[in-house]
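Written below as structure tokens is the structure these notes are about.
The values are calculated or read from the model by the stated rules, or taken from the named source; none is laboratory data. What you see is a predicted model, and the numbers here were worked out from it, not measured in a lab. Note: ideal-geometry Cβ built from the backbone for every residue, glycine included; neighbour counts use all protein chains shown. Calculation scope for accessible area: heavy atoms of the full protein, side chains included, ligands and nucleic acids excluded. Shrake-Rupley method; radii C 1.70, N 1.55, O 1.52, S 1.80 Å.
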Amino acid sequence: MSDDHTHVQDFFGARAADWDSRFPDDGPAYADAVAALGLREGGRVLDAGCGTGRALPPLRAAVGSAGVVVGADLTPAMLQAAVRAGRDGDGRLLVADVAALPLRTGSLDAVFAAGLIAHLPRPAENLRELARVVRPGGVLALFHPIGRAALAARQGRQITPDDLRAEPNLRPLLAGSGWRMTSCVDEDTRFLALAVRAR
């Protein structure tokens, strides 16, 4: 396992048991972000870096019983927390690295990624891998339940110009990784960037 993986697993593994109780009011923001994907009944969607699976219930509701929902996370403890919360009934859970997803090329309609981009060791490569598994015209949602400024304040730091989620940085990063950004919202109450898989 690489040092990047060890760091991520250590960080999230130590926080998995009480993750949901630390952020109990995020549910509506997740539901709104999932709605922005425009999923249809029978759709196929990946929650990349799904953590405790907070997005899985709205994703399942969006695609219905005929759809496919997969939650992938690098940290087994987070997936165990998802199971304890009963969210494994809303999607198939996989211990997987977004750098090498065990999914067929073009097999998905969309990817939902909450809080993921800041933890990607090689963002351009990792976003290309997400593009690989999505059909042309499919959608990517990069989401966080609070905006960049609010998150920085929560963490006791300042926003820096190199923040990957800043639109001037994110737009070319996505473009170079097989995506075309269609919108970016950065408010205190949410961050949501939507992109379409280039043809």
Got a number for residues in the stretch 176-199 being among the basic types (Lys, Arg) and modelled with pLDDT of 95 or more?
-> 2
When the stretch 27-58 is examined, which residues are found to be open to solvent by 40 Å² or more (accessible area, probe 1.4 Å) and within 18 Å of His144 (Cβ to Cβ)?
-> Gly27, Pro28, Ala31, Asp32, Ala35, Ala36, Arg54
Answer yes or no: is there a residue in the stretch 155-162 that is part of a helix (DSSP H, G or I), open to solvent by 30 Å² or more (accessible area, probe 1.4 Å) and either out of contact with any Leu (no Cβ under 7 Å at 6 or more places or on another chain) or over 24 Å from Ala96 (Cβ atoms) (or both).
-> no
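Could you run through the stretch 171-189 and say how many residues are touching a residue at least 40 places away in the same chain (Cβ under 8 Å) and open to solvent by less than 90 Å² (accessible area, probe 1.4 Å)? If you could, list the steps in order and put the result at the bottom.
Taking the stretch 171-189 and keeping what is touching a residue at least 40 places away in the same chain (Cβ under 8 Å), we get 173-174, 176-179, 187-189.
Now restrict to residues that are open to solvent by less than 90 Å² (accessible area, probe 1.4 Å): 173-174, 176-179, 187.
Here the count works out to 7.
Every residue in the stretch 190-199 that is touching a Gly at 6+ places or on another chain (Cβ under 8 Å) and either crowded, with 18+ Cβ neighbours inside 10 Å or not in a loop (DSSP other than H, G, I, E, B) (or both), please.
Step one: list which residues in the stretch 190-199 are touching a Gly at 6+ places or on another chain (Cβ under 8 Å), which gives 190-191, 196-199.
Arg190, Phe191, Val196, Arg197 - these are the residues of the stretch 190-199 that are touching a Gly at 6+ places or on another chain (Cβ under 8 Å) and either crowded, with 18+ Cβ neighbours inside 10 Å or not in a loop (DSSP other than H, G, I, E, B) (or both).
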Leading residue by the ranking (nearest to Pro145 (Cα to Cα)) among those in the stretch 86-113 that are hydrophobic (A, V, I, L, M, F, W, C) and open to solvent by 50 Å² or more (accessible area, probe 1.4 Å) = Val95
Just one listed residue, out of Ala61, Ala72, Ala82, Ala66, is open to solvent by 30 Å² or more (accessible area, probe 1.4 Å) and not in a loop (DSSP other than H, G, I, E, B), and it is Ala61
With the first residue restricted to the stretch 26-55 and required to be farther than 22 Å from Ala131 by Cα and part of a loop (DSSP other than H, G, I, E, B), and the second required to be of a type in the set (Phe, Trp, Tyr) and open to solvent by 10 Å² or more (accessible area, probe 1.4 Å), Cβ contacts under 7 Å at 6 or more apart or on different chains are Thr52/Trp19; Arg54/Tyr30
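Answer with yes or no whether Leu116 is of a type outside the set (Gly, Ala, Ser), open to solvent by 10 Å² or more (accessible area, probe 1.4 Å) and either at pLDDT below 95 or in contact with a His (Cβ under 8 Å, 6 or more places away or on another chain) (or both). Break it down into steps so the answer makes sense when it comes.
Details: of a type outside the set (Gly, Ala, Ser): yes; open to solvent by 10 Å² or more (accessible area, probe 1.4 Å): yes; either at pLDDT below 95 or in contact with a His (Cβ under 8 Å, 6 or more places away or on another chain) (or both): yes.
Yes, satisfied.
For Arg104, are the conditions met, namely being in contact (Cβ under 8 Å) with a residue 24 or more places away in the chain, among the basic types (Lys, Arg) and assigned to a loop (DSSP other than H, G, I, E, B)?
So Arg104 fits the description; yes.
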By residue number, the members of the stretch 119-133 that are open to solvent by less than 10 Å² (accessible area, probe 1.4 Å) and farther than 13 Å from Asp47 by Cβ are Asn126, Leu127, Ala131
